[in-house]
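Structure first, then comments.
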Amino acid sequence: MACSICPRNCKIDRTAAAGFCGCSSVVRVARAALHYDEEPSISGTRGSGTIFFSGCNLKCIFCQNMVLTDGTLGEVFSVERLTETMLKLQALSAHNINLVTPTPHRDALVSALRAAKSSGLSIPVVYNTNAYESVETVRAYEGLVDIYLPDLKYVDARLSLKFSRASDYFETAIEAIAEMIRQVGPMVTDENGIAARGVRIRHLVLPGCVFDTRNVLDAIRDRFGVDCPISLMSQFTPIPECTVKPLNRPLTKREYESAVEYCISLGFTNVFTQELSSVGRSFTPPFSDHVDL
């Protein structure tokens, strides 16, 4: 069947060849474990039950998880094993099930989530995405996903084309996020500050691109209002594979402070910020072909 799961709409028969995302018809998982490096409302004290999928439909040239983007790393997981893994992570007292880069695996994940919920999965399910999603795919998760974490990367089409080969990124992502908010509303937390339901929009501030961070913040304010929960991330880490300027250098303290100051000036009421100490490859978890869980 010609694949049209994501906005690339590459029409590849993934039973015969890999799509733009690098994925064939099988699901590969490179890590499934408790993860503690998300926002406090997601990781909490017990960790987020995170499943890292191999393959990506965006393939940003600066990706810290670059090793995963070609879709070949990881162990093949059946729908049954995905279901079992979610239930195991719940049994380890994870605060939630966190699906990282799930986009290419929609059909398997919808089946696995339905099976897991019918078998006793009761903790929130997090959809952790680059936001380059089709509205149709997001709709497939209605009633199955409790929390959406879209990373709204760009407004400027020149940047999204140069860094992610997607000139239509913004207009596509903003509509996908609107659908996420329609489904679950803005993020709400429980009495312990742990996310229970809703959307928090993330944005990674890129070196030399604070002008577009301002565009992103303007767009969020204009479309969703200043009460929309956001995470303004400072954790950009240069990778050896990327030599394109200005992404070959770290984000400066002044650049990040400028982004935070602009965010405050717009009147946003629910903002998570980071210290620049969040930068570094130590925050990238180990991936492998073998998953112990």
> Is the stretch 179-202 home to any residue that is closer than 20 Å to LEU161 by Cα and touching a Phe, Trp or Tyr at 6+ places or on another chain (Cβ under 8 Å)?
Replying inline: no
>> Return the pair list, or none, for Cβ contacts closer than 8 Å from residues in the stretch 35-60 that are free of Cβ contacts under 8 Å to residues at least 24 places away in the same chain to residues that are surrounded by 24 or more Cβ atoms within 10 Å (Cβ to Cβ), at least 6 apart or on different chains.
In response: TYR36/SER48
>> Tally up the residues in the stretch 215-264 that are of a type outside the set (S, T, N, Q), open to solvent by 10 Å² or more (accessible area, probe 1.4 Å) and outside any loop (DSSP other than H, G, I, E, B), please.
In response: 16
> Looking only at the stretch 160-182, which residues are open to solvent by less than 20 Å² (accessible area, probe 1.4 Å), assigned to a helix (DSSP H, G or I) and either among the hydrophobic types (A, V, I, L, M, F, W, C) or out of contact with any helix residue (DSSP H, G or I) (no Cβ under 7 Å at 6 or more places or on another chain) (or both)?
Replying inline: PHE163, SER164, ALA173, ILE174, ALA176, ILE177, MET180
>> Taking the condition of being open to solvent by 20 Å² or more (accessible area, probe 1.4 Å), under 19 Å from LEU144 (Cα atoms) and either at pLDDT below 95 or not hydrophobic (A, V, I, L, M, F, W, C) (or both), how many residues in the stretch 64-94 meet it?
In response: 6
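So that you can scan it fast, the table gives a plain yes or no per residue for (1) under 14 Å from the mean Cα position of the chain (by Cα); (2) in a loop (DSSP other than H, G, I, E, B); (3) within 22 Å of SER288 (Cβ to Cβ):
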{"residue": "SER4", "(1), (2), (3)": "no, yes, no"}
{"residue": "ALA16", "(1), (2), (3)": "no, yes, no"}
{"residue": "LEU34", "(1), (2), (3)": "no, no, yes"}
{"residue": "THR50", "(1), (2), (3)": "yes, no, yes"}
{"residue": "CYS56", "(1), (2), (3)": "yes, yes, yes"}
{"residue": "LYS59", "(1), (2), (3)": "yes, yes, yes"}
{"residue": "GLU80", "(1), (2), (3)": "no, no, yes"}
{"residue": "GLU84", "(1), (2), (3)": "no, no, yes"}
{"residue": "LEU89", "(1), (2), (3)": "no, no, yes"}
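The values are calculated or read from the model by the stated rules, or taken from the named source; none is laboratory data. Everything quoted here is computed from the prediction, not taken from an experiment. When we count neighbours, we look across all protein chains shown, and the Cβ atoms used for this are built from the backbone with ideal geometry, even at glycine. The area values use the complete protein model at the heavy-atom level, side chains included, leaving out ligands, DNA and RNA. Shrake-Rupley method; radii C 1.70, N 1.55, O 1.52, S 1.80 Å.
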